[in-house]
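S.K.: Following this message is one structure expressed as structure tokens.
The values are calculated or read from the model by the stated rules, or taken from the named source; none is laboratory data. In this text the structure is predicted, and so the values were computed from the model without any measurement. For neighbour counting, all protein chains shown are included, and Cβ atoms are generated from backbone atoms with ideal geometry for every residue, glycine included. Each accessible area value is taken on the protein alone, full model and side chains, heavy atoms only, with ligands, DNA and RNA left out. Shrake-Rupley method; radii C 1.70, N 1.55, O 1.52, S 1.80 Å.
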Amino acid sequence: MAGIIHSSGHTPFNFDTVFDEGGAVAYEPPRQKRSFTPEEVEHIRQQAFAEGERSAVARAEQATAAALEQVAASARLGLGALAEVAHSHRADSAHLAMAAARKIADSALSRHPEAPVAAALEALSREVEASPRLVVKVAPDGRERVQAVLDRLAESLGHSGRIEARAEPGFQGAAFILDWGDGRAAFDPEDAARRIQDALDQALAAEGLHAEPLIPPDETHG
């Protein structure tokens with residue numbers, strides 16, 4: 001079928017064959033092949049199959065990559081939640097241990113309120129051995145008991161000066177202040193417990209979610 005050439009240069013319709021102004025064929029589309037040999041049919045089939053297979057593999061790879069990314073994202077979320085649970089468990093365990101230690105310490109100090117001041121005097125024996133007089137301020141209800149212990153301790157340490165236990169209003173339990181003129185030592189169970197608790201809280205806060213795992217990995221497995 002011939003094409004019609006207009007002077008304006010525009011072709012309002014598309015035709016199979018296009019002629020130039022001299023009547024020569026300017027363009028002729030390739031003729032479609034109407035028949036194929038069995039070999040050509042098999043070749044075309046194999047090409048189509050290969051292209052389809054490549055397309056299917058590409059889609060499968062994309063789906064696999066997307067699934068792996070989703071798995072990785074879920075794993076990250078799971079590990080974050082697990083780290084929070086582990087940290088919470090570790091903090092709860094530490095606070096429980098602290099509470100138990102506090103109960104044990106309180107019970108021991110109520111039975112032996114003189115123990116802390118006796119331990120302090122033994123630790124400071126070199127510093128106070130030349131002091132002519134030591135004053136120990138203690139809770140009023142334990143003054144006599146502390147005085148008896150200090151007298152025996154002074155004798156065993158060879159301290160020649162006087163050690164006097166004085167009742168201090170407001171002191172309770174094993175609280176004391178030991179004054180030997182050149183220095184002093186003090187102990188307050190409540191303040192000591194608060195400082196230990198603060199140190200524990202700061203350590204847990206600094207550790208955050210970066211602590212070692214609660215259950216170490218089994219190195220015998222790959």
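S.K.: Has the stretch 92-108 got any residue that is among the hydrophobic types (A, V, I, L, M, F, W, C), surrounded by 11 or more Cβ atoms within 10 Å (Cβ to Cβ), out of contact with any strand residue (DSSP E or B) (no Cβ under 7 Å at 6 or more places or on another chain) and not in a helix (DSSP H, G or I)?
M.R.: no
S.K.: What single numbered condition from (1) part of a loop (DSSP other than H, G, I, E, B); (2) modelled with pLDDT of 85 or more; (3) among the hydrophobic types (A, V, I, L, M, F, W, C) fails to hold for ALA130?
M.R.: With respect to (1) part of a loop (DSSP other than H, G, I, E, B); (2) modelled with pLDDT of 85 or more; (3) among the hydrophobic types (A, V, I, L, M, F, W, C), ALA130 is out only on (2).
S.K.: Would you mention how many residues in the stretch 143-190 are assigned to a helix (DSSP H, G or I), within 29 Å of ARG102 (Cα to Cα) and among the polar types (S, T, N, Q)?
M.R.: Number of matching residues: 1.
S.K.: Could I ask something else about it? Could you check the stretch 114-152 and list, in sequence order, the residues that are under 13 Å from ARG162 (Cα atoms) and acidic (Asp, Glu)?
M.R.: Correct list: GLU129, ASP151.
S.K.: Among the listed residues GLU122, GLU164, which satisfies the condition of being of a type in the set (Asp, Glu) and open to solvent by 60 Å² or more (accessible area, probe 1.4 Å)? Break it down into steps so the answer makes sense when it comes.
M.R.: Working: GLU164 fails: open to solvent by 60 Å² or more (accessible area, probe 1.4 Å).
Exactly one of GLU122, GLU164 is of a type in the set (Asp, Glu) and open to solvent by 60 Å² or more (accessible area, probe 1.4 Å), namely GLU122.
S.K.: Something else: (1) under 40 Å from the mean Cα position of the chain (by Cα); (2) without any contact (Cβ under 8 Å) to a residue 12 or more places away in the chain; (3) open to solvent by 70 Å² or more (accessible area, probe 1.4 Å): which one isn't true of ARG152, the others all being true?
M.R.: It is condition (1) that ARG152 fails.
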